[in-house]
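The values are calculated or read from the model by the stated rules, or taken from the named source; none is laboratory data. A quick note: this is a predicted structure, and the numbers were derived from the prediction, not measured. Neighbour counts are summed over all protein chains in view; Cβ atoms, including those assigned to glycine, are modelled from backbone coordinates with ideal geometry. Side chains included, ligands, DNA and RNA excluded: accessible areas come from the protein's heavy atoms. Shrake-Rupley method; radii C 1.70, N 1.55, O 1.52, S 1.80 Å.
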Amino acid sequence: MIAIVDYGMGNVASVQKALNFLNLQSIITNDHKLIAESNYIVLPGVGSFKQGMANLKEQKLDELLTKLVINEKKNFLGICLGMQLIAEFGNEPEKCDGLGWIKGEVKKMESNLLRIPQMGWNDIDIKNETYFNGILSRDFYFIHSYHFDVANKNDVSSYVNYGDKLVSSIQRENIFATQFHPEKSQESGLQLLRNYFLNAKS
Amino acid sequence: MLKVRIIPILTFNGLGLVKTKKFSSPRMVGNAVQAARVYNSRGVDELIFLDISASQQNRKINLKLVADVIKECYMPVGIGGGISSIDDINNLLKIGADKVIIKTKALIDKTFIKECVSFFGSQCISISIDAIKNGDDYSIFNKLNLELNLEDFITDMNECHVGEFVVTSVDCDGMMNGFDVNLINRVASKTNIPIIAVGGGGNMTHFNDLFLNSTTEAVGSASIFHFTQYTPLDIKMELQKINKPVRL
């Protein structure tokens, strides 16, 4: 079973729809027991970092997820805000702590030349092929104004070029996370999700 | 490289899909769910669904219909129409909307827009700018008898840090005679926020003209897809010829 964590930060329906399309059983929940019993944890989310952390803390999901993902090594997929929240720190709207699983800080994107947020399809430069096998197009859908400046480059599984080389996905052990939205990236996104749930092993 | 976006727009009037000309004389153009299904199968970059009479008729958007539209879509969807509370937005996000598009409420309540951005993040909040020519200037078209200057409204919305502007030329709406490139450039010069240019696309030359003569990275269109044989893919193939990055 796949647990899609419901912490009041939108976007859960799209993720489940993509999983349904792939015939993968999932449940949208904030129930600690159900999350603990699942084989995979998906943390989606749109919205501000600080609000996201506050919502997780309010339901003590921060402690639960850290216990399951870091101590028990349960498979974890973070999407968009769900990738950013695993950082040590965020800055939206002001500096605050994240879950701290991956070293680095989520920072505001700054550019005089480019429009912010980055909104639309951009191609990624894949560093770790594990879950990207068989993908026909490297274009994925991005929508973000903050980016995760990852401290340890070995944790980065792909980059996207938007003014600067930005981290577009992270992989370390049982943790995989994407800045882009696989559930909104049509064929490529569905293929990535298929790969992930076929290959990720606890 | 970020690709230019070609975005079909579905406008709904509470009964069915319609296409207007200069924001009036709506013509029925079919079923929203079927249209969404077709656009999904064509792999479009994004889809916009707007209930253009919700605010005017003082009613909420039909969430059941919107849910059915979104069910067909494995690409991003922006939804607008009658949004005036945080709950309205939550309801749309819960059924899978990626962005909401706010118009009327943005004209009268800047504090609300700021609240939306702080709660949902910039990327989630798009603002509709319906501009109408007023001599050499533009004002914001509205049914509230508000006199709003284009530039002033953009300045206000910039301060709210919204995520995107959907800029529609009322004069060009449904006319299929080309985009108001001047309008798009005026908006672009006042903001660093992404813009979707809307209104007037009727043939390939119009799209080339828009992308060659403005910095916009996205275009929204309806009539050309309802009333001609052109598809979003045709437009992309054409834009590729003038070296614009497209997702094929």
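Within the stretch A:50-91, the set of residues being open to solvent by 40 Å² or more (accessible area, probe 1.4 Å) and of a type in the set (Phe, Trp, Tyr) comprises just one member, A:89. When residue B:168 is tested against (1) over 21 Å from residue B:244 (Cα atoms); (2) in a strand (DSSP E or B); (3) open to solvent by less than 10 Å² (accessible area, probe 1.4 Å), only condition (3) is not met. Could you check, for the stretch A:23-41, whether at least one of its residues is part of a loop (DSSP other than H, G, I, E, B) and either under 22 Å from residue B:92 (Cα atoms) or under 15 Å from the mean Cα position of the chain (by Cα) (or both)? So far as the stretch A:23-41 goes, yes, one or more of its residues are part of a loop (DSSP other than H, G, I, E, B) and either under 22 Å from residue B:92 (Cα atoms) or under 15 Å from the mean Cα position of the chain (by Cα) (or both). For the residues B:137, B:180, the requirement of being among the acidic types (Asp, Glu), touching a residue at least 12 places away in the same chain (Cβ under 8 Å) and buried (at least 20 other Cβ atoms within 10 Å of the Cβ) singles out B:180. On the stretch given as the stretch A:57-78, residues that are under 17 Å from the mean Cα position of the chain (by Cα) and in a helix (DSSP H, G or I) total 7.
All told, residue A:78 meets the bar of being within 17 Å of residue A:200 (Cα to Cα) and in contact (Cβ under 8 Å) with a residue 60 or more places away in the chain.
Anything in the stretch B:105-128 that is more than 8 Å from chain A (Cβ to nearest Cβ), open to solvent by 40 Å² or more (accessible area, probe 1.4 Å) and in a helix (DSSP H, G or I)? List them, or say none. Scanning the stretch B:105-128 gives B:105, B:108, B:110, B:111, B:114, B:115. If only residues of the stretch A:19-49 that are closer than 16 Å to residue A:83 by Cβ and within 13 Å of chain B (Cβ to nearest Cβ) are counted, the one that is surrounded by the fewest Cβ atoms within 10 Å (Cβ to Cβ) is A:46. Flag: residue A:188 does not match the condition of being under 19 Å from residue A:18 (Cβ atoms), open to solvent by 20 Å² or more (accessible area, probe 1.4 Å) and touching a residue at least 40 places away in the same chain (Cβ under 8 Å). Summed over the stretch B:6-48, residues that are within 22 Å of residue B:98 (Cα to Cα) and either open to solvent by 10 Å² or more (accessible area, probe 1.4 Å) or in contact with a Phe, Trp or Tyr (Cβ under 7 Å, 6 or more places away or on another chain) (or both) total 21. Looking for something open to solvent by less than 40 Å² (accessible area, probe 1.4 Å), of a type in the set (Lys, Arg) and within 14 Å of chain A (Cβ to nearest Cβ) - is there at least one such residue anywhere in the stretch B:78-101? Yes, there is a match, as at least one residue in the stretch B:78-101 is open to solvent by less than 40 Å² (accessible area, probe 1.4 Å), of a type in the set (Lys, Arg) and within 14 Å of chain A (Cβ to nearest Cβ). Within the stretch B:148-165, residues that are of a type in the set (A, V, I, L, M) sit with their Cβ atoms under 7 Å from residues that are open to solvent by 10 Å² or more (accessible area, probe 1.4 Å) and assigned to a helix (DSSP H, G or I), at 6+ positions apart or across chains, in these pairs: B:148/B:107; B:150/B:186; B:154/B:190; B:162/B:117; B:162/B:122. Scanning the stretch B:195-248 for residues that are under 22 Å from residue A:188 (Cβ atoms), assigned to a loop (DSSP other than H, G, I, E, B) and not hydrophobic (A, V, I, L, M, F, W, C) turns up B:217, B:231, B:244, B:245, B:247. Being under 26 Å from residue B:246 (Cβ atoms) and touching a Lys or Arg at 6+ places or on another chain (Cβ under 7 Å) is the filter here, so list the residues in the stretch B:1-28 that pass it. Hits for the stretch B:1-28 are B:3, B:4, B:6, B:11, B:19. Of the residues B:216, B:231, the single one that is under 18 Å from residue B:48 (Cβ atoms), within 14 Å of chain A (Cβ to nearest Cβ) and hydroxyl-bearing (Ser, Thr, Tyr) is B:216. When the stretch A:120-156 is limited to residues that are touching an Asp or Glu at 6+ places or on another chain (Cβ under 6 Å) and either part of a strand (DSSP E or B) or without any contact (Cβ under 8 Å) to a residue 24 or more places away in the chain (or both), the one that is farthest from the other protein chains (Cβ to nearest Cβ) turns out to be A:149. Comparison of A:89, A:49 shows that the only residue that is touching a residue at least 40 places away in the same chain (Cβ under 8 Å) and of a type outside the set (A, V, I, L, M) is A:49. Among the residues making up the stretch B:171-194, those that are in contact with a strand residue (DSSP E or B) (Cβ under 7 Å, 6 or more places away or on another chain), outside any loop (DSSP other than H, G, I, E, B) and within 14 Å of chain A (Cβ to nearest Cβ) are B:184, B:187, B:188.
Is it true that residue B:69 is part of a helix (DSSP H, G or I), in contact with a strand residue (DSSP E or B) (Cβ under 7 Å, 6 or more places away or on another chain) and more than 10 Å from every other protein chain (Cβ to nearest Cβ)? Yes; evaluated as a whole, the condition is true for this residue.
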